[in-house]
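What follows is calculated from the coordinates using simple rules that are stated; it is not laboratory data. In this text the structure is predicted, and so the values were computed from the model without any measurement. Methodologically, a virtual Cβ is constructed for each residue, glycine included, from the backbone with ideal geometry; neighbour enumeration extends over all protein chains shown.
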Amino acid sequence: MNTPIVQLLVLAGIAIFLILRLRSVLGTRDGFEKPEAPSPSRRDDTARDFEVIEGGPDHDIIDHVPENSPAAEALAKMKRAEPSFGVGEFLSGARGAYEMILMGFDNGEIEDLKPFLSDEIYETFSDVIEQRAQQGLTIEAQFVGVRELSLVDATFDDTERLAEITVKYVGELTSVVKNAAGEVIEGSPTAVKRQKDVWTYARRMGSDDPNWQLVATDE
């Protein structure tokens, strides 16, 4: 074999070896390649998931009233008018207010409740307590607990920024009515009875006064 041909074959072999060596180190990409972009469908799914998280339903509202109902819209307006307002937090406070106001009324001690009662409700409670006193009647009650609590309705006056929320209670308590001689004329000190009440609270959103006031009662 001619020497030039042998040299050519040797050089070719060296070239092939170098090419294979480079491929093992750098991979098989040819030229300049951009990193693989996610498929359009994957980007759409990501965007869709983000929108659900950011613009999804407010469970602080729809856990208590139907979505898109007038009550839900009113609660949403309350939250926009006062971002710190929370429906769940309000209902927790309403649970405590029910016991405080109910026991204050039954025991004839409502002076300390004045900040939590509208003027009309306060006067009504005062009149009933005064009538009981004139008849020599007293009530001895013990609060057991709230068996049920639900948000019934909500309204919001955009102009006045006045919010009203109606709550239904089913409370459990013991209660006896005694005459002037201390004799039980109604109820039992040991029998637990259930009492249903529908109360409406009101507050001007954004005001400095954090207290909601009881403005209406029903059964």
Chain lengthening between Ala216 and Glu186 when straightened (0.36 nm per residue, less Cα-Cα): 8.2 nm
Amide H of Ala216 versus every other amide H placed in the peptide plane: which residues, excluding those fewer than 5 positions away on the same chain, fall under 5 Å? Thr200
Can you compute the modelled spin-label distance between Met100 and Arg132, with each label point 7 Å from Cα toward Cβ, in nm? 1.9
Net lengthening on full extension, Gln142/Ser84 (0.36 nm per residue, minus Cα-Cα): 17.5 nm
Tell me which lysines have Cα within less than 28 Å of Lys77's Cα, excluding those fewer than 8 residues away on the same chain? Lys114, Lys168
When a/c is below 1.5 the answer is rounded, else prolate if a/b is larger than b/c, else oblate, so apply that to region 63-219 with a ≥ b ≥ c taken from the square roots of the Cα gyration tensor eigenvalues. prolate
Note the full-extension length gain between Asn179 and Arg204 as 0.36 nm times their separation in residues minus their Cα-Cα distance, in nm to one decimal. 4.8 nm
